[in-house]
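Heads up: the structure comes next, in structure tokens.
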Amino acid sequence: MRCPTGVGCSRIRRDEIAYSRPAVRVDSWQSVWLSGATACARDYGILYWYGWVVGRALWFVGAEADQRLSMDYPARYESQFSLDDGTPVYVRPIRATDVDHMMKLFEKFSPETVYFRFFSAMKSMPIDKLREFCDIDYDTQMALVAYVMEDGEESLVGVARYVVTPEEGGAEFAVVVADEWQNRKIGTNLFQRLVEAAKDRRIETFHGLVMNENIKALGIIRNSGYKYQKSVLEPGIAQVEFKLSDIKPSQAR
């Protein structure tokens, strides 16, 4: 016999609830009790089935997202190098979960570093912009972060990124390093690894805006062995452009 109450009925309870024999006298209180039992069994069965379906759906969506993340995340760009004092620095592609790390990195920047990187005197970075910086597709955008381990946790010290610009050809790039970690070849190392990632995407040219006072950014380009063209866009701001094929082999690793 088919259970009329759905999931949750034993075979014995099926006979008692749905197929009571007419020869058996049932008092009113027993009738009420049986009706309640039927409703409970029915409701429990529906809720159980609904919970099972929802749970399986959420598991499937989560598993699919994890699989997509593992497929998209380019682990091949993870690397490591050491500073002159032996401090190990780790490099990896940025992740969507790096928002808090990026916020802490921004808080390490001096007003001058913020101005050179973002061309404005920003005192804080909007959370939506941080999410935009971190949640990339690794195709039209790439960002590599450099970090050191402090008290067993990652501490970001620099970021290098590019964004493909089809209308201009090539990609726009930018590099920034926390003030206390500048002048230690972190920017150069990040930049050279970013170039390798761009070459894998068959990007042929880089271009970017640089303030004339930002001699450190121009130094990163020169230290990487570039022959770049520089054109003034407006007073104090220039655009540099170069072919990736002109880059010499990495010397900073």
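Values in this text are rule-based calculations from the coordinates and carry no lab data. This structure is a prediction, so every number in the text was calculated from the model and none was measured. Don't worry about glycine lacking a Cβ; one is built from the backbone with ideal geometry, like all the others, and counts go over all protein chains shown.
For a protection proxy built on the mean count of beta-carbon atoms within 10 angstrom, sort 171-180, 216-225, 150-159 highest first, please.
The packing order, highest mean first, is 171-180, 216-225, 150-159.
Note on S231 and D139: the model spin-label points, each 7 Å out from Cα along the C-beta direction, lie 3.0 nm apart. Computed packing ranks the peptides 130-136, 74-80, 193-199 as 193-199, 130-136, 74-80, most packed first, by mean other Cβ atoms within 10 Å.
Pairs of alpha-carbon atoms within less than 8 angstrom and 6+ residues apart define the contacts here; what relative contact order does region 76-246 have, in percent? Mind showing how you got there, number by number?
Values: 279 pairs, mean separation 30.4, N = 171.
The value is 18 percent.
Within a straight-line Cα-Cα reach of under 16 Å, K230 can be paired with the following aspartates and glutamates, leaving aside sequence neighbours fewer than 8 residues apart in one chain: E168, E172, E213, E241, D246. Per-peptide packing, taken as the mean over residues of other Cβ atoms within 10 Å, places 201-210, 84-93 in the sequence 201-210, 84-93 from highest down.
For the pair L83 and D151, a Förster radius of 22 Å applied to the C-beta separation gives a FRET efficiency near 0.75, rounded to the nearest 0.05.
Rounded to the nearest 5, what % of the DSSP beta bridges within region 76-246 are antiparallel ones? Numbers along the way, then the final one.
On the way: 37 of 39 bridges.
The antiparallel proportion sits near 95 percent.
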